[in-house]
Amino acid sequence: MEKQIKSVRGMRDILPDETRRWKALESLIFRVLESFGFEEIRVPIVEELKLFQRSVGSFTDIVQKEMYVFKDRGDRVLALRPEATACVVRAYLEHSLNEKKRITRLYYSGPMFRYDRPQKDRYRQFYQIGAEIIGGQNPYFDAELIIILAKIFEKIGVADYVFEINSVGCNQCKTSYSAKLKQFLQNRASHMCQDCQTRIENNVLRVLDCKVVSCKSIIKEAPVIQDILCQGCKAHQETLYRILDNHRVPYKENWQLVRGLDYYTKTVFELKISNNDNAVAGGGRYDNLVHELGGPETAACGFAIGMDRLCNMISPEIKKDITVFVVFLGEKSLQQGVKIVNGVRNDHVRIVADYTDRSLKSHLKSADREDIQHVLILGENELQQESFLYRNMKSGYQTMVKFSELSNFFKGLENA
RNA sequence: GUGGGUGUAGCUCAGCGGAUAGAGCGCCAGACUGUGGCUCUGGAUGCCGGGGGUUCAAAUCCCCUCACCCACCCCA
């Protein structure tokens, strides 16, 4: 026998039982987003590598060591998207959506790719549902995103969630803070881990959430961005907090929170559930990105929900649709019965049959195993009476259903 | 990328140098010829993750490799 081909490392199959739960969560999230006026956009999985280098940042871990990069047959240097905000902004500019509306609210859903080492809740192909508000500058837009997430999690029935929020400042704040931090750290670099030493040069802010103990103690003494934020950034942040307070959204400030994508400005946030350390959603403001990608100065913000994590954490039992199992006994009933059944199928009742010639007993066993309540049996006797024998597997109730009544019978099941 | 753990039947796992590799659950069949679940009886199924080595003998010991899990890192 040939060796079994298995799924590629970090990639996985989402089987029907799990897919059913995914779909339920997805449609709930979509409904909330739609209710806030967001519209769905579908963007490609493959983009030019440059897009992510410019947006996410060349020195970020995501771009530097986690991206799937390849050349196509036309020698284009491409990447599988590691996140979708850059793609959405690219599409927004490419199609001049800025000309059509002042505030553009978009959402997307689909797979992202990062070449991480796989483990629980971390896959190389993972799914995000994200939302972006492009064109909105004041903190009410930031708040809207957070409130949407809060709403989603309440609807899902998750009570023990909390947002961690920080401000990384506007462009000016960011640069002056980075400079200050760099200066502070450079003297102490020799006491810090290898990663941090390179971070100091390439991406200072990342040092802040280093987990190495020796680094942590140094970071404690480091200047805090809160002390450097300009009036505008401070006001933005305080207004945001006030709005969230009014909405009774559970959050806490986390001055160490720095996200791994360079485009963030001012507000950044993550959403965590109970004692789970992994964030299930994260986002923030990115007021420079649209401009950096060649568009006009445009404020924007967004978030993304990690669907794999979300679905692994909560598992609502979803009822299957009504299903009818049809049993044909003998060649003649199979021939005639299949035709009759196919003639009256509708979109609301699932009708399944095992056309195999097996004993009634084993057919019923199959139905039972699949937890199917309704069974129709067609054998010699029934054929003569132009009827199916209906059996309810739960109650044991049985009755004859005329061929001519079959369609109505299915309708009756729907309404029951 | 770093460190640790685990890969044996469809599933959960036992066996840890010795014979034809096991259990529970599941599956198939029969008892019950056209009525599932309960019970009883019988049956099928394994490149013991893959490759190499040590040995008279390897699922078992050693090396390599692949995959999964956990932690770090990073992130959603």
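Figures for the structure shown
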| read-out | value |
| --- | --- |
| Qualifying positions in the stretch A:334-362 - near RNA strand B (Cβ under 8 Å from one of its atoms) and either in contact with a strand residue (DSSP E or B) (Cβ under 6 Å, 6 or more places away or on another chain) or outside any helix (DSSP H, G or I) (or both) | A:Arg358, A:Ser359 |
| Count of residues meeting criterion [part of a helix (DSSP H, G or I) and either open to solvent by 10 Å² or more (accessible area, probe 1.4 Å) or not acidic (Asp, Glu) (or both)] in the stretch A:136-160 | 17 |
| Cβ-Cβ under 7 Å pairs, at least 6 apart or on other chains, the stretch A:360-389 side more than 12 Å from A:Leu329 (Cβ to Cβ), far side loosely packed, with under 12 Cβ neighbours inside 10 Å and among the charged types (D, E, K, R) | A:Gln373/A:Lys394 |
| Matching residues, the stretch A:241-259, being of a type in the set (A, V, I, L, M) and either within 16 Å of RNA strand B (Cβ to nearest atom) or under 13 Å from A:Leu271 (Cα atoms) (or both) | A:Val249, A:Leu257, A:Val258 |
| Extreme residue, farthest from A:Leu205 (Cα to Cα), among residues of the stretch A:45-100 that are open to solvent by 20 Å² or more (accessible area, probe 1.4 Å) and of a type in the set (Phe, Trp, Tyr) | A:Phe70 |
| Test: residue in the stretch A:162-170 that is within 15 Å of RNA strand B (Cβ to nearest atom), under 35 Å from the mean Cα position of the chain (by Cα) and more than 24 Å from A:Gly136 (Cα to Cα) | yes |
| Subset of the stretch A:307-343 (residues that are within 21 Å of A:Asn415 (Cα to Cα) and in contact with an Asp or Glu (Cβ under 7 Å, 6 or more places away or on another chain)) | A:Ile322 |
| Residues that are among the β-branched types (Val, Ile, Thr) and part of a helix (DSSP H, G or I), drawn from the stretch A:242-300 | A:Ile243, A:Val290 |
| Residue tally, condition among the hydroxyl-bearing types (Ser, Thr, Tyr) and either outside the structural domain of A:Met67 (by TED's automatic domain parsing) or on the phi > 0 side of the Ramachandran plot (or both), over the stretch A:248-277 | 1 |
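The values are calculated or read from the model by the stated rules, or taken from the named source; none is laboratory data. Owing to the predicted nature of the structure, the values given are computational and were not obtained by experimental measurement. A quick note on method: Cβ atoms are made from the backbone with ideal geometry, for glycine too, and the neighbour counts reach across all protein chains shown. For accessibility, only protein heavy atoms count, side chains too; no ligands or nucleic acids. Shrake-Rupley method; radii C 1.70, N 1.55, O 1.52, S 1.80 Å.
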